[in-house]
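Enquirer: I have a structure here, written as structure tokens, and I will follow up with some questions on it.
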Amino acid sequence: MAEEPTLIIQMQRMGDLILSFPLCSRLLLLEPERPVWVAGEPAFFSGLKPLAPQVVFFAPDSAALRRVRYRRVINLSHRDAALDLAGSLHAEERIGAFRVNGNRYIAGDWRLYRHALVGNNRHNRFHWADLEALGVIPPAVLAATRWPPARPGPGEGRIGLFVGASEAAKRPDPAFWGRLAALLLRRGLRPVLLGGPAEREAAAEATRLGKLPAAADCSGHFSLAELAAVMRSLDLLITPDTGPMHLAAWVGTPTLNLSMGPVNAFETAPAPPGHMVLRPTDSCAGCWRCFRDEAACRRRFRPETVAWLAARLARDISAGRLSHAPGAIPGQAFRRPPGLRLDRTARDERGLFTLTPLTAPGLSGSPDPAVGFSTGVPASQREKLALFWQEWFLSALGGAPHRLECVLKEAVPPHLIDLLQRGAGRLTAGFASGLRRNILPNDFWRNLPPLIRPLSGYLQALLENGDYSSAAWTRALTLAEDFAGSVRQE
């Protein structure tokens, strides 16, 4: 008798679908005999089938989805149609958001954590691809996951420039791309402007402003499958945070991610190891949404800086030199541009995503496995808090080994622990008031200090998801007590 399949529902954009591929691979590694089905948009999965793990794709409205019983249904989408589908199917286990009898619920501690990040991700260090697996995939399988490696290109100097992204704040303007392409040409490289039909106008404008040959503009020319083939012919892809960035990383094209605007590189950078991320150091960087008239971080990215860096990376990657030094660019020292930092994507010993700073020779750039930061690269207070919260949630929710005690001892200074203690006191006082009324104000989590909001946001989501039942209160109070105990100084 055939095994009951696992169904993954991912009805978001192309990049989201590609980020579900690691979960598919991990499920197949965990249970090789159990089929994995994926419900997604045919416009995306049709071109991605040759690149995907050995799964079966369905359109969300396919009648075949409703004819079987599932071992588990994992909903990774927030669309109403996805919630209704997840709630209507016969399944032994549901994970993620679903709707039953008009009521919306979220099953799974880590899917609830992901939900609580909406507008509240300042201190999050978990990549979306990992949050989909935590709580589903055992730690041993997480650690054993093999990712598609970043491979040196053919060495012909072809540099892809993907000019689009879902929001204007997340992408450079045409003048930037035109200037960057012109500078790459001067360095003897061959820039290629890429994009879908929506990017044709921007690519044409960049071609005109950069006085580029018409052949440099290839936007809107390729199907998804053809674009994947083009990606493989590149020595480097320079791209903002967008679906084709994840496509390039998945097929092994070395990628330089310009992480600008309301994005968090720890959440959405290329998930496989070995890719580059250029990101701002502004205190607001990594936000959920920008509330300024213009995202100030975009001004940090200058074509001259990116052209120099791209030429350097393309040369070293093609020569195979970059892979020999986990934290350093060989040869000439990398001088950090003002307001920017360069990282490389990596995986720690638990299989979780991390970013390793790329530094000048003479400085250690390899991460300290006990602390998670690179020596020689000073960590901000925000980074230390983010590391603390990553380890605290791993200790509280499980899913992978944690090193909370080591982080508290080695990475978090006493004054931050004192602030966390004070936050715990305010959280407890707010809970006492909420218990008397059996409800919390809608903005309860937001009225606490930012350094405590990862917990206040999660606990409020937990209570709302549990309809403020006694079981939900018990769980929330237990977690609050555990947190207070973890930051209590002896």
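Enquirer: Of all the helices (runs of 4 or more DSSP H) wholly in the range 182-285, which have at least 2 residues that are hydroxyl-bearing (Ser, Thr, Tyr) and at negative phi? Even if it seems obvious, please write down each step before you answer.
Expert: Numbers: elements: 200-209, 224-232, 243-250, 265-268.
Here the list is empty.
Enquirer: Among the helices (runs of 4 or more DSSP H) confined wholly to the range 374-490, which include 1 or more residues that are within 29 Å of GLU349 (Cα to Cα), free of Cβ contacts under 8 Å to residues at least 40 places away in the same chain and open to solvent by 40 Å² or more (accessible area, probe 1.4 Å)?
Expert: Ranges flagged: 381-397, 404-410.
Conditions tested, residue by residue: (1) at pLDDT below 95; (2) touching a helix residue (DSSP H, G or I) at 6+ places or on another chain (Cβ under 6 Å); (3) of a type in the set (Lys, Arg).
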site	(1), (2), (3)
GLU267	no, yes, no
GLU294	yes, no, no
CYS297	yes, no, no
ARG302	yes, no, yes
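Enquirer: Something else now. Can you name the number of the only condition in (1) part of a loop (DSSP other than H, G, I, E, B); (2) more than 30 Å from CYS284 (Cβ to Cβ) that LEU142 fails?
Expert: With respect to (1) part of a loop (DSSP other than H, G, I, E, B); (2) more than 30 Å from CYS284 (Cβ to Cβ), LEU142 is out only on (1).
Enquirer: Now for a different question. Looking at ASN120, is it open to solvent by less than 30 Å² (accessible area, probe 1.4 Å), within 21 Å of TRP392 (Cβ to Cβ) and within 14 Å of the chain's Cα centre (by Cα)?
Expert: Values: open to solvent by less than 30 Å² (accessible area, probe 1.4 Å): yes; within 21 Å of TRP392 (Cβ to Cβ): yes; within 14 Å of the chain's Cα centre (by Cα): no.
In short, no.
Enquirer: Taking the range 187-226 as the region of interest, how many residues are among the polar types (S, T, N, Q) and open to solvent by 30 Å² or more (accessible area, probe 1.4 Å)?
Expert: Narrowing the range 187-226 to residues among the polar types (S, T, N, Q): 207, 219, 223.
Checking the rest, the ones that are also open to solvent by 30 Å² or more (accessible area, probe 1.4 Å) come to 223.
Number of matching residues: 1.
Enquirer: Further question on the same structure: Which one of the conditions (1) out of contact with any Ser or Thr (no Cβ under 8 Å at 6 or more places or on another chain); (2) at pLDDT 95 or above; (3) farther than 28 Å from VAL230 by Cα does ASN101 fail to meet, given that it meets all the rest?
Expert: In the conditions (1) out of contact with any Ser or Thr (no Cβ under 8 Å at 6 or more places or on another chain); (2) at pLDDT 95 or above; (3) farther than 28 Å from VAL230 by Cα, ASN101 misses (2) alone.
Enquirer: Just one of the numbered conditions (1) open to solvent by 20 Å² or more (accessible area, probe 1.4 Å); (2) modelled with pLDDT of 95 or more is not true of MET1; which one?
Expert: Only one criterion is unmet by MET1, namely (2).
Enquirer: Right, here's the next one. Looking only at the range 68-98, which residues are among the hydrophobic types (A, V, I, L, M, F, W, C), assigned to a strand (DSSP E or B) and in contact (Cβ under 8 Å) with a residue 40 or more places away in the chain?
Expert: Answer for the range 68-98, where residues must be among the hydrophobic types (A, V, I, L, M, F, W, C), assigned to a strand (DSSP E or B) and in contact (Cβ under 8 Å) with a residue 40 or more places away in the chain: VAL73, ILE74, ALA91, ILE95.
Enquirer: Can you tell me which residues in the range 165-174 are of a type in the set (A, V, I, L, M) and open to solvent by 50 Å² or more (accessible area, probe 1.4 Å)? Full working, then the answer.
Expert: Going residue by residue through the range 165-174, those that are of a type in the set (A, V, I, L, M) are 165, 168-169.
Residue satisfying the conditions is ALA168 alone.
Enquirer: Sticking with this one: Name every residue in the range 9-34 that is closer than 18 Å to GLU93 by Cβ and either open to solvent by 10 Å² or more (accessible area, probe 1.4 Å) or in contact with a Ser or Thr (Cβ under 6 Å, 6 or more places away or on another chain) (or both), in order of residue number. Spell out the reasoning first.
Expert: Step one: filter the range 9-34 for residues closer than 18 Å to GLU93 by Cβ, giving 9-10, 20, 23-24, 26-28, 30-31, 33-34.
Hits for the range 9-34 are ILE9, GLN10, ARG26, LEU27, LEU28, LEU30, GLU31, GLU33, ARG34.
The values are calculated or read from the model by the stated rules, or taken from the named source; none is laboratory data. Since this is a predicted model, take the numbers as computed values, not measurements. Quick reminder, even Gly has a Cβ in these numbers, built from the backbone with ideal geometry, and neighbours come from all protein chains shown. All accessible areas refer to the heavy atoms of the entire protein, side chains included, with ligands and DNA or RNA removed. Shrake-Rupley method; radii C 1.70, N 1.55, O 1.52, S 1.80 Å.
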